[in-house]
Amino acid sequence: MGFILETGIVEQIIEHSGAVGAIIGLAIVALVTIQLTVYFLGSLKRSANELKQHNLEMEVLKTKLQTAKIKQYQQETATLGWNGFRKFVVKKKQHEGKQKPKGPYLTRTDENKEFHMNRDEMVVGRTKDTDIQVVHNTVSGKHARILCRRNELFVVDDFSTNGTTLNSEKLKPEVQVKLNHGDDLVFGDVPFKVSLPAGEAKEGTGSGICSFYLSPHDGRPLPSFEPGQYLTFQFKVPGETKPAVRCYSLSDSPKLDYYRVSIKRHFRKDKSPGLISHYWHDHVQEGDIIDVKAPGGKFYLDMDKQTPIVLIAGGVGITPCLSMLNTILDRKSKRETWFFYGLRNGKEHVFKEYLESVALENDHVRLHVCYSRPNDEDVKGKDYQHAERVSVDLFKRLLPSNNYDYYMCGPGPMMKSVVEGLDDWGVPEKNVHYEAFGPASVKKAKPAPAPAAGAPATKVTFAKSDQTVDWTGGTILELGEAAGISMESGCRAGNCGACVIALKSGEVNYVSEPSDPPEAGTCYACIAEPKGDIAVDA
Ligand SMILES: NC(=O)C1=CN([C@@H]2O[C@H](COP(=O)(O)OP(=O)(O)OC[C@H]3O[C@@H](n4cnc5c(N)ncnc54)[C@H](OP(=O)(O)O)[C@@H]3O)[C@@H](O)[C@H]2O)C=CC1
């Protein structure tokens with residue numbers, strides 16, 4: 001349209017003014033066109049810049065809002081008076097790593113909810129203590145059982161009131177019937193579908209790490225936390241007399257509506273399954289309500305500093321490091337961040353795609369993944385960078401200097417060797433931060449002196465319980481537990497403070513150094529041994 005108009009103007013100029021006039025006319029038209037184009041391009045550029053500026057302002061506003069909300073949480077926690085345990089709902093349960101559990105499972109089709117066969121026998125029923133809880137008035141308290149035998153499933157109706165049907169046929173009570181892939185199974189009026197994925201492994205062959213997203217049950221505000229801190233949980237496990245207390249690091253940055261913890265199936269030295277980590281994996285489901293203490297712990301990243309940092313994660317010890325990294329990203333900090341992640345091989349590589357995308361999109365984040373035992377299918381340079389353990393030798397090869405703040409979490413031996421290596425490399429102690437749950441001890445204190453032969457046994461008095469026990473070794477917590485005294489505990493490493501008790505008389509030695517000295521007149525029972533006769537308030 002513009003072109004046709006311009007051609008018309010040129011023709012008119014030629015007709016009325018001759019050749020010279022035509023040239024002048026053409027020049028004027030060209031000048032006007034150039035000016036219009038420059039103006040048009042300029043305004044395009046201006047609007048692009050304005051948009052960019054606007055987006056930046058929005059980002060800053062969002063961050064300010066987030067910070068303001070977090071500050072508000074902190075004030076609200078103080079008023080909430082969140083002392084002791086508070087109820088949280090499991091909003092989401094997510095298996096991490098490439099291999100998801102794909103063993104046999106049932107899907108409750110009216111709610112699209114999956115129940116994986118993690119045990120040889122799973123009870124279906126309406127009551128809370130069942131493995132497949134079906135809250136419905138046509139389902140009996142203990143309705144039926146699903147038996148899992150080498151990836152084959154069987155169903156047994158347990159004299160339920162409204163019966164169980166398999167592919168529209170009513171089952172006789174107490175008769176074991178084999179299930180096939182795609183079968184329709186109905187308990188009372190509640191429909192299920194049977195899935196037997198062919199040739200696929202049961203849970204446990206993947207990373208064995210599961211993330212749980214938790215929100216406050218009372219819907220009241222969620223307090224913020226420092227990246228690196230942990231939550232303390234209390235579980236009443238069926239069959240256990242005492243509630244179990246455990247601590248797990250928060251694995252994400254502070255969020256407005258949830259906390260996240262990522263838990264690995266733990267196996268003891270004798271290969272038997274750890275009680276609570278397996279309880280999380282096998283029994284804790286979306287919608288469950290659990291008891292949680294407010295975030296705590298002294299191992300966290302100081303977000304007020306801008307010093308360059310090195311995050312060192314070993315295995316599931318990635319959790320607090322991930323929280324630190326995510327907080328750096330959320331706050332739009334450009335802090336130089338090296339992330340060393342040591343694990344065995346690709347089967348255990350969790351948060352892989354996420355970390356890779358973070359490193360790709362953020363120049364200030366340098367990711368180095370070390371596989372200590374790579375598999376044939378693991379590709380160096382793609383899946384991981386170094387076929388070795390994380391070590392200070394590796395840091396010496398990669399870091400421009402030793403002048404960093406180091407934050408680490410992983411297996412005890414890894415932390416011990418890295419802490420010692422950093423010390424040898426001349427890194428000041430104040431720049432090295434770590435935490436070790438469980439018995440792993442990085443800095444060993446001197447052991448308590450052995451009592452002289454023939455000397456009277458050291459006595460520990462548990463004042464509240466009115467019991468005095470001869471000390472035969474071990475910690476005060478172990479001694480009290482063995483004597484049947486109810487005592488609080490959490491990390492069992494002198495970190496979480498759950499076991500702190502008043503020391504009414506006497507003194508203690510610590511088997512490993514507490515992360516922070518307890519207040520005067522108290523001690524951490526989980527790592528304290530009596531130094532002569534003592535009395536404690538338990
Ligand atoms: N806040 C906290 O305190 C938390 C602590 N943790 C702790 O982190 C630990 C992680 O355990 P898990 O996932 O089972 O770890 P793994 O046993 O799977 O080990 C992870 C990696 O660390 C390597 N490693 C072992 N020893 C050394 C060493 N001396 N130097 C360098 N690398 C080493 C292993 O190499 P290799 O194959 O050669 O053995 C492996 O590659 C647990 O002890 C857990 O309690 C976890 C979460 C939070």
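Measuring nothing but protein heavy atoms, the accessible surface of region 102-195 at 1.4 Å probe radius is 43 percent carbon and sulfur. Heavy atoms of the protein chains alone define the surface here; on that basis region 102-195 has 52 Å² accessible area per residue at 1.4 Å probe size.
Which pairs in the list Lys334/Lys430; Lys142/Lys172; Lys271/Lys380; Lys242/Lys293 are over 26 Å apart, alpha-carbon to alpha-carbon? Too far apart for the 26 Å limit: Lys271/Lys380. These residues, Thr468, Thr138, go from largest to smallest accessible area, 1.4 Å probe, as Thr468, Thr138. For the pair Asp282 and Glu121 in one chain, pulling the backbone fully straight at 0.36 nm per residue adds 56.7 nm over the alpha carbon distance. Restricting region 372-438 to chymotrypsin sites (Phe, Trp or Tyr not before Pro) that sit in a DSSP loop and have at most 14 other Cβ atoms within 10 Å of their own Cβ leaves Trp425. Note on Glu169 and Gln306: their simple-model spin labels are 7.5 nm apart, each label 7 Å out from Cα toward Cβ. Each part gets one Cα centre, and for region 454-533 versus region 366-434 those centres are 35 Å apart. Measuring nothing but protein heavy atoms, the accessible surface of region 459-536 at 1.4 Å probe radius is 45 percent carbon and sulfur. Using Cα-only point scatterers and the Debye equation, what is log10 of I(q)/I(0) for region 309-434 at each q in 0.17, 0.19, 0.20 Å⁻¹, rounded to two decimals? With no solvent term, the Cα-only Debye profile gives -0.85, -1.07, -1.19.
Largest first, the residues Arg389, Arg86 sort by 1.4 Å accessible area into Arg389, Arg86. The HN-Hα couplings worked out from phi for region 219-233 by the Karplus form 6.51 cos²θ - 1.76 cosθ + 1.60 (θ = phi - 60°) are x, 7, x, 9, x, 6, 7, 8, x, x, 6, 10, 10, 10, 10 Hz, whole numbers, x standing for Gly and Pro.
Extending 7 Å from Cα along the Cβ direction at Ser505 and again at Ala27 yields two label points whose distance is 11.3 nm.
Amide H to amide H distances under 5 Å link Ser465 with Ala538, where only residues 5 or more positions off or on other chains count and H is placed in the peptide plane. Put simply, when 210-216, 123-129, 375-381 are sorted by average Cβ atoms within 10 angstrom per residue, most first, you get 210-216, 123-129, 375-381. The residues of region 309-434 expose, per residue, 44 Å² of accessible area to a 1.4 Å probe. Dipole orientation for region 459-536: of the candidates Thr468, Met487, Asn509, Thr468 has the Cα lying most toward the positive pole (charges on Cβ; Lys, Arg +1; Asp, Glu -1). If only the Cβ of Lys and Arg carry +1 and only the Cβ of Asp and Glu carry -1, the dipole of region 309-434 around its Cα centre is close to 140 debye. For region 170-259, the Cβ-based charge dipole about the Cα centre amounts to some 260 debye (Lys, Arg positive; Asp, Glu negative; other atoms uncharged). Which FRET efficiency value, to the nearest 0.05, is calculated for Thr468 and Trp425 with the Förster distance at 41 angstrom and r the Cβ-Cβ distance? Calculated value: 0.25. Would you mind classifying region 102-195 by shape? Square roots of the alpha carbon gyration tensor eigenvalues, ordered a ≥ b ≥ c; an a/c under 1.5 is rounded, otherwise it is prolate if a/b is larger than b/c and oblate if not. Cα axes put region 102-195 in the rounded bin.
Treating r as the C-beta distance of Leu329 and Leu36 and R0 as 51 Å, the FRET efficiency rounds to 0.70.
Here's the picture: charge each Lys and Arg Cβ at +1 and each Asp and Glu Cβ at -1 in region 281-404, and of Ser401, Met303, Asn326 the one pushed furthest to the positive end of that dipole is Ser401.
So between Phe267 and Ala453, what do we pick up on full extension, going 0.36 nm a residue minus the alpha carbon distance?
Here the answer is 63.0 nm.
Hey, if you drop one equal point scatterer on each alpha-carbon of region 459-536 and run the Debye formula without solvent, what base-10 log of I(q)/I(0) do you get at q = 0.17, 0.22, 0.23 Å⁻¹? Log10 of I(q)/I(0), two decimals: -0.54, -0.95, -1.05. When you restrict to C-alpha pairs under 8 Å that are six or more residues apart and normalise by the size of region 309-434, the relative contact order lands at 30 percent.
The residues of region 459-536 have, on average, 45 Å² of accessible surface per residue, using a 1.4 Å probe with all protein chains present. Length gained on full extension, Ala482 to Asn137: 119.7 nm, using 0.36 nm per residue less the C-alpha separation.
The values are calculated or read from the model by the stated rules, or taken from the named source; none is laboratory data. Because the structure is predicted, anything quoted here is derived from the model rather than measured. Neighbour counts are summed over all protein chains in view; Cβ atoms, including those assigned to glycine, are modelled from backbone coordinates with ideal geometry. Calculation scope for accessible area: heavy atoms of the full protein, side chains included, ligands and nucleic acids excluded. Shrake-Rupley method; radii C 1.70, N 1.55, O 1.52, S 1.80 Å.
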